[in-house]
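Colleague: Have a look at this one before I ask anything.
The values are calculated or read from the model by the stated rules, or taken from the named source; none is laboratory data. Note that this is a predicted model, so its numbers are computed, not measured. For neighbour counting, all protein chains shown are included, and Cβ atoms are generated from backbone atoms with ideal geometry for every residue, glycine included. Heavy atoms of the whole protein, side chains included, go into the accessibility calculation; ligands, DNA and RNA do not. Shrake-Rupley method; radii C 1.70, N 1.55, O 1.52, S 1.80 Å.
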Amino acid sequence: LIDIKKLEKILPKVERPARYIGGEKNSVVKEYKEGMTRFLFAFPDAYEIGMSHLGTAILYYETNEREDCIAERTYAPFPDMQAEMKAAGIPLYSLESYTPAAEFDFIGFNLSYEMCYTNILYMLELAGIPLRSKDRTEGPIIVAGGTCAFNPEPLRDFIDIFLIGDGEELNMELLDLYNEHKGENFSRQAFLEAAKNIEGCYVPMLAKPGERVRKRYVKDLDKAYFPSKFIVPLTAAVHDRATIEIMRGCTRGCRFCQAGFLYRPVRERKLKTLCEQADSIINATGFEEISLNSLSSGDYSAIQPLAFALIDGLESRHVSVSLPSLRVDSFDEEYAKKMQDVKKSGFTFAPEAGTQRLRDVINKNVTEEDVLKSARMAFESGATTVKLYFMIGLPTETDEDLDGIADLVSKVRSVFYSIPKEERRGSLKINVSASSFVPKPFTPFQWCAQNPEEELRRKQRYLKDKLSKLKGVNFSSHFSPLSLLEAVFARGDKRLNNVLESAFKKGAKFDSWHEHFSTEAWQEAFAEAGLDMHELAETSYDFDEELPWDVIDCLVDKRYLKKEYDTAMKETTTRDCRQGCTGCGFGGRCK
Amino acid sequence: MEYTRIGVKFSRTGMAAFASHLDMQRLFSRAIRRTGLDVKYSEGFNPHIVTSFASAMPVGLKSRGEYMEFSVANPEEGLAEKLNAEMPEGFAVECAGELYRTTPKLMAATWAADYAFDGSEEELAKIDELFDCSEILVEKRKKGKLVTADIRPLMIAKKGNIVRLSMTEAGTLSPFVLMDAAGIEVDVERLAILTRIDGRPEPLSALFGRSL
């Protein structure tokens, strides 16, 4: 164990020390017994971000259900804490038992977004573990899973095993295998070789050219493990609430959306299961709010009965039900009113693009009429704040499409003012957010170049200028160096391993936090490797070129993605596959 | 609905000392919610459980005698035990009792607090030296501005390693500020929060009525 006395001495010197102490309600503190396998869930970002991560919560409890395993957690300490830990000689430790990370059998990193990669190295270093797989002959097996694991190449030198796809079964199979191998005669090499035979495990050190690792998915989500409780964060998390996962996967086929292709097929949990889960989680946590997790909650086949059942069951217990990522066209009036009753919050719409032409290109099957109709319902039910999400830099975009955004915002405004003054409940606020499009692997746009940084900046200025003329409209856009790096790493290849390590050594960490982002570190690291980040992000891949992520089979056919790309260029949409198979390659396995 | 005020005495030990006051408010509200008790919520858009703490604890302070209050519809026996079962690691409910309608808010009833300093004789002698002074000026931040204040009037008494410091609306002295002034850094624990009944110092729990 780490020296608790020393820890108590440094905690008063750091910001929000409650992040580093554990002891939360529902955290699982198990006594270690000889022979147990210890798995450390390491989230490569701050406590308040990691505590909101659903996948980690599921696997943490599922692993702890096993009598032969202990799962604990750790998060990336902020630089103030890291400096104190280093000075005091305290390594990265688990929040449950204050055990040094290096003493675990496994350390599992979640890869939710590309901009957390430096933090993986940062945490390994703080744990005193060699960064590269080839330099590790003992100590924990380093595994990684999550969305970004689908393009493992930029991290291949640092991770022993990538876990591709849903973890509920895959992680358990890996633990079973480890239990067979562990003991006095444990051979790391033999274990990794055996792990390679588990479907969904990508072991870069042992990968042979031409091999592809097929993703895993749970066939019956309703029967898949889901915890009956959650850890209650001691200090506020970004999403400080209960979550139930109503559905996994999405059939809409928006062409920019990586999750939409990675998490096929669509699987739902039953209404009854969800109500039971919600009830037990609320009882066990005391959370004030519950949210429904999915890629497109409005598409859940029983969304209204579910929402009404939850509201009826939880309202009297002072629990509000919130619905994220509600699609514009699934918006319903009765539903909107019901939601408003519970929480007087704003409404969010994501038309993503400003013109019908561009929305057809990206297959966002939403019309201007849908948006305005939903806005009217929202305003009539009393909302005065709406959020509108767009992307800029989408393939084929021109300034006309940007004009379309301003035009649509202006029309939403007019809808508000068309409502009789005495029926409005305050003044209008429209928050418009424009993120920069990042082409992602396993999407029809995976071959596309990102807009040059300068062009994205120009588009941001152009939009800002147009929208600033509209009263009550707030415009925000994303920090462009981050979008650039995200594009580089999202579609990057193995050359990035050296760049990543070098940027980390130059001080890059917590890259998604503006105050910690170091442009210089990254520029120098790319220059040293003889790579140009602009060129990497802003060059398109050839259609017949081998792609770095071809080592993974996400079960959606590459030819289908190409066909979807061609259809996009013809400004033509593809139907939601619930209305009929569109031939993505799953070929009936989704039924 | 008629609600009864409930006073709760609790301790905060170990790592839990590093929770902030805001964290404490949230974790108590959620622990209370988990008990399923019928409790009083605030009015308005986002109703929350009405809780009030006798003192905003400094981050890092351990305590054996902390107090908070909330209101319930049905004050039932075993409430303290029920709430204790829902507290996170490091927090323990010591006892709970009804508060009379006429009793002031616990926050307004505090007078002083006792602290145990776990220091060597030399270190404790530094505190004695402070008691010998007639004025001790320290700089502190107040609404972003540095102001100078005399903390000597807030130092009530010292007996062995136990020091009594003022805790009133007019002036509260943190043991950490005292240690800064004395130039020492030792472990400290709050032993009790005191009120005055007929001029006599009594623990705040003396204000509790029927024990629950």
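Colleague: Does the stretch B:29-42 hold any residues that are among the hydrophobic types (A, V, I, L, M, F, W, C) and either farther than 21 Å from A:Leu95 by Cα or away from chain A (no Cβ under 11 Å) (or both), and which are they?
Modeller: As a first pass, look at the stretch B:29-42 and keep what is among the hydrophobic types (A, V, I, L, M, F, W, C): B:31-32, B:37, B:39.
Residues satisfying the conditions are B:Ile32, B:Leu37, B:Val39.
Colleague: May I ask you to verify whether A:Pro91 is more than 10 Å from every other protein chain (Cβ to nearest Cβ) and either in contact with a strand residue (DSSP E or B) (Cβ under 9 Å, 6 or more places away or on another chain) or open to solvent by 20 Å² or more (accessible area, probe 1.4 Å) (or both)? Step through it out loud before you land on a result.
Modeller: Details: more than 10 Å from every other protein chain (Cβ to nearest Cβ): yes; either in contact with a strand residue (DSSP E or B) (Cβ under 9 Å, 6 or more places away or on another chain) or open to solvent by 20 Å² or more (accessible area, probe 1.4 Å) (or both): yes.
Considered against the rule, which asks whether it is more than 10 Å from every other protein chain (Cβ to nearest Cβ) and either in contact with a strand residue (DSSP E or B) (Cβ under 9 Å, 6 or more places away or on another chain) or open to solvent by 20 Å² or more (accessible area, probe 1.4 Å) (or both), A:Pro91 comes out as yes.
Colleague: Moving to a separate point now. Going by the conditions given, is B:Glu69 open to solvent by less than 50 Å² (accessible area, probe 1.4 Å), more than 7 Å from chain A (Cβ to nearest Cβ) and under 19 Å from A:Gly23 (Cβ atoms)? Walk me through how you get there before you give the answer.
Modeller: On the way: open to solvent by less than 50 Å² (accessible area, probe 1.4 Å): yes; more than 7 Å from chain A (Cβ to nearest Cβ): yes; under 19 Å from A:Gly23 (Cβ atoms): no.
So B:Glu69 does not fit the description; no.
Colleague: In this structure, is A:Cys254 at pLDDT 95 or above and either in a helix (DSSP H, G or I) or away from chain B (no Cβ under 14 Å) (or both)? Please lay out each step first, then the result.
Modeller: Details: at pLDDT 95 or above: yes; either in a helix (DSSP H, G or I) or away from chain B (no Cβ under 14 Å) (or both): yes.
Yes; evaluated as a whole, the condition is true for this residue.
Colleague: Can you tell me which residue is most open to solvent (accessible area, probe 1.4 Å) among those in the stretch B:23-55 that are of a type in the set (Phe, Trp, Tyr) and more than 21 Å from B:Gly78 (Cβ to Cβ)? Talk me through it step by step, then tell me what you get.
Modeller: Going through the stretch B:23-55, the residues of a type in the set (Phe, Trp, Tyr) turn out to be B:28, B:41, B:45, B:53.
Imposing the further condition that a residue be more than 21 Å from B:Gly78 (Cβ to Cβ) reduces the set to B:41, B:45, B:53.
Working: B:Tyr41: 38, B:Phe45: 155, B:Phe53: 14 Å².
Ranking the candidates gives B:Phe45 first.
Colleague: Of the residues in the stretch A:559-574, how many are in a loop (DSSP other than H, G, I, E, B) and either modelled with pLDDT under 95 or β-branched (Val, Ile, Thr) (or both)? Give the steps one after another, and end with the answer.
Modeller: Let us first name the residues in the stretch A:559-574 that are in a loop (DSSP other than H, G, I, E, B), namely A:570-574.
Going one step further and asking which of them are either modelled with pLDDT under 95 or β-branched (Val, Ile, Thr) (or both), we end up with A:572-574.
So the answer is 3.
Colleague: Please go through the stretch B:27-46 and give me each residue that is over 19 Å from A:Lys229 (Cα atoms) and of a type in the set (A, V, I, L, M), ordered by number. Explain how you work it out, then say what you get.
Modeller: From the stretch B:27-46, those over 19 Å from A:Lys229 (Cα atoms) are B:37-46; that's our starting set.
Residues satisfying the conditions are B:Leu37, B:Val39.
Colleague: Among what's in the stretch A:147-203 and is of a type in the set (Ser, Thr, Tyr) and out of contact with any strand residue (DSSP E or B) (no Cβ under 7 Å at 6 or more places or on another chain), pick the residue that is surrounded by the most Cβ atoms within 10 Å (Cβ to Cβ). Don't jump to the end; show me each part of the working.
Modeller: The first filter runs over the stretch A:147-203 and keeps only residues of a type in the set (Ser, Thr, Tyr), leaving A:147, A:178, A:187, A:202.
Imposing the further condition that a residue be out of contact with any strand residue (DSSP E or B) (no Cβ under 7 Å at 6 or more places or on another chain) reduces the set to A:147, A:187.
On the way: A:Thr147: 18, A:Ser187: 10.
So the residue we want is A:Thr147.
Colleague: Another one. Which fully enclosed helices (runs of 4 or more DSSP H) of the stretch A:305-396 have 1 or more residues being modelled with pLDDT of 85 or more and within 28 Å of the chain's Cα centre (by Cα)? So that I can check it myself, show each step before the final result.
Modeller: Working: elements: A:333-342, A:356-361, A:368-380.
Hits in the stretch A:305-396: A:356-361, A:368-380.
Residues checked against (1) of a type in the set (S, T, N, Q); (2) on the phi < 0 side of the Ramachandran plot; (3) touching a residue at least 40 places away in the same chain (Cβ under 8 Å):
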{"residue": "A:Lys469", "(1), (2), (3)": "no, yes, no"}
{"residue": "A:Phe479", "(1), (2), (3)": "no, yes, no"}
{"residue": "A:Ala490", "(1), (2), (3)": "no, yes, yes"}
{"residue": "A:Gly530", "(1), (2), (3)": "no, no, no"}
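Colleague: Any residue in the stretch B:106-114 that is of a type in the set (Ser, Thr, Tyr) and modelled with pLDDT of 95 or more? Break it down into steps so the answer makes sense when it comes.
Modeller: Taking the stretch B:106-114 first, the residues of a type in the set (Ser, Thr, Tyr) are B:110.
If we keep only those that are modelled with pLDDT of 95 or more too, we end up with B:110.
Within the stretch B:106-114, one or more residues are of a type in the set (Ser, Thr, Tyr) and modelled with pLDDT of 95 or more.
Colleague: For the stretch A:260-291: of the residues being open to solvent by less than 20 Å² (accessible area, probe 1.4 Å) and under 15 Å from the mean Cα position of the chain (by Cα), which is farthest from the other protein chains (Cβ to nearest Cβ)?
Modeller: If we filter the stretch A:260-291 for residues that are open to solvent by less than 20 Å² (accessible area, probe 1.4 Å), which is where we start, we get A:260-262, A:264-265, A:267, A:269, A:274, A:278, A:281-282, A:285-287, A:290-291.
Checking the rest, the ones that are also under 15 Å from the mean Cα position of the chain (by Cα) come to A:260-262.
Numbers: A:Gly260: 34, A:Phe261: 38, A:Leu262: 34 Å.
Here the answer is A:Phe261.
Colleague: If you take the residues of the stretch A:238-253 that are more than 20 Å from B:Glu86 (Cα to Cα) and of a type in the set (A, V, I, L, M), which of them is most open to solvent (accessible area, probe 1.4 Å)? Can you show your working first?
Modeller: Residues of the stretch A:238-253 that are more than 20 Å from B:Glu86 (Cα to Cα), as a first pass: A:238-239, A:243-253.
Restricting the remaining residues to those that are of a type in the set (A, V, I, L, M) gives A:238, A:244, A:246-247.
Numbers: A:Val238: 86, A:Ile244: 0, A:Ile246: 0, A:Met247: 5 Å².
Ranking the qualifying residues of the stretch A:238-253, first place goes to A:Val238.
Colleague: Being open to solvent by 50 Å² or more (accessible area, probe 1.4 Å), over 28 Å from B:Leu79 (Cβ atoms) and of a type outside the set (Val, Ile, Thr) narrows it down to one of B:Gly199, B:Gly171, so name that one. Reasoning before the result, please.
Modeller: Values: B:Gly171 fails: open to solvent by 50 Å² or more (accessible area, probe 1.4 Å).
Testing whether each residue is open to solvent by 50 Å² or more (accessible area, probe 1.4 Å), over 28 Å from B:Leu79 (Cβ atoms) and of a type outside the set (Val, Ile, Thr) leaves just B:Gly199.
Colleague: Hey, another quick one. Here are some conditions: (1) surrounded by 19 or more Cβ atoms within 10 Å (Cβ to Cβ); (2) under 21 Å from the mean Cα position of the chain (by Cα). A:Leu54 meets all but one. Which one does it not meet?
Modeller: A:Leu54 satisfies every listed condition except (1).
Colleague: Also: In the list A:Ile244, A:Ile281, which residue meets the criterion of being among the β-branched types (Val, Ile, Thr) and assigned to a helix (DSSP H, G or I)? I'd like the intermediate steps shown before the answer.
Modeller: Numbers: A:Ile244 fails: assigned to a helix (DSSP H, G or I).
The unique qualifying residue is A:Ile281.
Colleague: It is to be established whether one or more residues within the stretch B:75-83 are open to solvent by 60 Å² or more (accessible area, probe 1.4 Å), within 14 Å of another protein chain (Cβ to nearest Cβ), in contact with a helix residue (DSSP H, G or I) (Cβ under 8 Å, 6 or more places away or on another chain) and charged (D, E, K, R).
Modeller: Just the residues of the stretch B:75-83 that are open to solvent by 60 Å² or more (accessible area, probe 1.4 Å), to begin with: B:76-77, B:81-82.
This time we only want the ones that are within 14 Å of another protein chain (Cβ to nearest Cβ), so: B:82.
Checking the rest, the ones that are also in contact with a helix residue (DSSP H, G or I) (Cβ under 8 Å, 6 or more places away or on another chain) come to B:82.
Right, trim to charged (D, E, K, R) and you get B:82.
So far as the stretch B:75-83 goes, yes, one or more of its residues are open to solvent by 60 Å² or more (accessible area, probe 1.4 Å), within 14 Å of another protein chain (Cβ to nearest Cβ), in contact with a helix residue (DSSP H, G or I) (Cβ under 8 Å, 6 or more places away or on another chain) and charged (D, E, K, R).
Colleague: Here's something else I'd like to know. Working only within the stretch B:92-127, note down all residues that are within 19 Å of B:Gly14 (Cα to Cα), in contact with a strand residue (DSSP E or B) (Cβ under 6 Å, 6 or more places away or on another chain) and not acidic (Asp, Glu).
Modeller: Our first condition is that a residue be within 19 Å of B:Gly14 (Cα to Cα); within the stretch B:92-127, this holds for B:92-94, B:114-119.
Applying the additional criterion that residues be in contact with a strand residue (DSSP E or B) (Cβ under 6 Å, 6 or more places away or on another chain) yields B:92-94, B:114-118.
Scanning the stretch B:92-127 gives B:Ala92, B:Val93, B:Tyr115, B:Ala116, B:Phe117.
Colleague: Next question, about the same structure. Is it the case that B:Phe10 is touching a residue at least 60 places away in the same chain (Cβ under 8 Å), assigned to a strand (DSSP E or B) and within 14 Å of another protein chain (Cβ to nearest Cβ)? First the steps, then the outcome.
Modeller: Details: touching a residue at least 60 places away in the same chain (Cβ under 8 Å): yes; assigned to a strand (DSSP E or B): yes; within 14 Å of another protein chain (Cβ to nearest Cβ): no.
Spelling it out, it is not the case that B:Phe10 is touching a residue at least 60 places away in the same chain (Cβ under 8 Å), assigned to a strand (DSSP E or B) and within 14 Å of another protein chain (Cβ to nearest Cβ).
Colleague: Can you tell me which residues in the stretch A:117-142 are part of a strand (DSSP E or B) and buried (at least 22 other Cβ atoms within 10 Å of the Cβ)?
Modeller: Within the stretch A:117-142, the first condition is being part of a strand (DSSP E or B), and the residues that meet it are A:141-142.
A:Ile142 - this is the single residue of the stretch A:117-142 that is part of a strand (DSSP E or B) and buried (at least 22 other Cβ atoms within 10 Å of the Cβ).
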